2 protein chains.
Amino acid sequence: MPAAILSREEILARLADTFRQRGYDGASLADIAKATGLGKSSLYHYFPGGKEEMATGVLAALSEQLEAGLFGPLAGPGVPARKLGRMLDTLDGFYNGGRNACLLERLAASADRSPFQRPLHAMFERWIGAMAALCREAGIPAATARARAEDAVVRIEGALVLSAGTGDHRPFGRALTAIRRSLLAPPAP
Amino acid sequence: MPAAILSREEILARLADTFRQRGYDGASLADIAKATGLGKSSLYHYFPGGKEEMATGVLAALSEQLEAGLFGPLAGPGVPARKLGRMLDTLDGFYNGGRNACLLERLAASADRSPFQRPLHAMFERWIGAMAALCREAGIPAATARARAEDAVVRIEGALVLSAGTGDHRPFGRALTAIRRSLLAPPAP
DNA sequence: GTCTATAATAGGATAGAC
DNA sequence: GTCTATCCTATTATAGAC
């Protein structure tokens with residue numbers, strides 16, 4: 001029987017998995033065809049710009065998903081501490097407790113990252129901005145809020161690098177715990 | 001006139017640059033030949049195992065350099081705070097203020113990282129261990145020392161990822177400053 | 001040790017049938 | 001939309017002369 005026909009969202013999800021696991025330069029069209037179950041020609045039907053358009057398409061889709069599932073809720077109703085907790089739980093699942101790499105990091109590590117630089121910059125900024133706004137909502141001064149939000153993203157990305165490099169994913173859990181405890185803490189006097 | 005003959009150390013240094021800039025999958029033999037000024041056959045003369053042996057050779061050389069220039073001094077004579085400051089200054093230069101990527105991260109992000117997993121694990125552990133020992137020398141309890149050292153490596157790696165992703169290298173400087181202030185601080189009571 | 005030349009394969013991309 | 005077949009280039013790696 002013929003392979004199940006995938007929706008564009010499903011195709012993008014499988015592309016994202018492939019790029020996340022193998023990186024941009026490490027993911028060949030053969031890898032991508034296998035992961036999606038599509039032939040090369042079908043892939044070029046969806047993405048006439050080839051591999052580069054596949055990656056930028058994945059980034060655009062991820063941006064929407066993060067907005068809906070991660071950043072948006074941070075600005076919605078609820079107590080800041082609880083909203084932070086939910087975001088960190090979501091991230092823990094998203095990165096599978098530190099076992100999964102970060103797609104943003106993988107694309108930032110491409111030999112030619114220029115096609116991804118602009119969306120990557122926007123997404124990192126959005127992420128930091130959303131957490132900084134949460135800090136301000138919790139009464140933290142703007143400058144401190146921004147610094148803490150940046151530090152949280154830094155810790156998450158760094159913990160994923162360390163986890164991948166050592167094969168031990170526990171640093172990721174510890175980083176999440178550290179963020180949970182420190183991000184919204186009252187500033188030192 | 002013929003190209004200058006490079007020492008093995010110099011060859012390894014140029015290989016390291018290439019892998020650091022382009023990643024393992026993104027660095028082709030043509031890139032490597034150009035960076036070293038050597039033909040492919042000369043490269044295979046030095047590294048019969050091909051690209052993979054080049055990368056493991058680079059890791060081995062880097063390990064020695066870090067031992068001599070970074071980790072060793074941490075265990076040598078001097079006040080802990082001053083030794084920490086020197087290490088961070090060295091790192092700041094090594095990463096060119098956040099403009100350079102980390103070779104360990106780049107190799108950890110290869111599609112097939114299995115040949116590098118063991119040395120990467122050892123090098124990250126050595127780095128964390130050296131900083132933890134410095135913390136203990138400053139009177140910090142072992143468990144806290146280990147956690148802080150891990151957090152420092154996490155912050156450095158994460159700041160490099162964020163700097164590469166956004167094209168703004170300032171987060172790296174801020175991360176170094178945060179480590180400078182917090183790593184050896186007296187533990188909270 | 002380094003070179004030129006070349007093998008053998010994998011890579012990205014396209015054509016045209018269905 | 002998807003397939004098979006194909007093109008062309010880049011890629012890794014080797015052979016053999018100097």
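Taken together, the values in this text are just the output of simple stated rules run on the coordinates, not laboratory data. Predicted model, so just to flag it, every value in this text is computed and none were measured. Backbone-built Cβ (ideal geometry, glycine too); neighbour counts: all protein chains shown.
Given +1 at the Cβ of Lys and Arg, -1 at the Cβ of Asp and Glu and no other charges, the dipole of the stretch B:1-155 around its Cα centre is 200 debye to the nearest 20. Each copy carries B:Ser41; placing its label point 7 Å along the C-beta direction from Cα gives inter-copy distances of 4.3 nm, listed from smallest up. Inter-copy label distances at B:Glu52, shortest first and taken from points set 7 Å along Cα to Cβ: 3.2 nm. Please give the helix B:80-94 orientation as an angle from the longest Cα principal axis of chain B, in degrees from 0 to 90, rounded to the nearest 10. The answer is roughly 30 degrees. With Cα atoms defining each centre, the stretch A:134-189 and the stretch A:44-113 are spaced 17 Å apart in the structure. The modelled label-to-label distance for the pair A:Ala143/A:Ser114, using points 7 Å beyond Cα in the direction of Cβ, is 3.8 nm.
The convex hull around the C-alpha trace of the stretch B:31-147, projected and averaged over every direction, spans 8.8 square nanometres.
Rounded to two decimals, the Cα-based Rg/Rh of the stretch B:118-189, with Kirkwood Rh, is 1.03.
Toward the positive end of the charge dipole of the protein assembly as shown, with +1 on the Cβ of Lys and Arg and -1 on the Cβ of Asp and Glu, the farthest Cα among B:Ala152, B:Val79, B:Leu91 is that of B:Val79.
Using only Cα coordinates, the Kirkwood hydrodynamic radius of the protein assembly as shown works out to 22.0 Å.
A simple spin-label model places the labels of B:Ser28 and A:Tyr46 2.7 nm from each other, with each point 7 Å out along Cα-to-Cβ. Computed from label points 7 Å out along Cα-Cβ, the spacing between B:Ala60 and A:Ala81 is 5.4 nm. Working from Cα pairs under 8 Å separated by at least six residues, relative contact order for chain B is 22 percent. For the residues of A:166-174, the average number of beta carbons from a partner chain within 10 Å of their own beta carbon is 4.
Quick check on the stretch B:50-107: take the gyration tensor over C-alpha atoms, sort the square-rooted eigenvalues as a ≥ b ≥ c, and tell me if it's rounded (a/c under 1.5), prolate or oblate. Oblate. For the protein assembly as shown, the tally of Lys pairs with Cα-Cα distances below 19 Å comes to 4, considering only residues 8 or more apart or on different chains.
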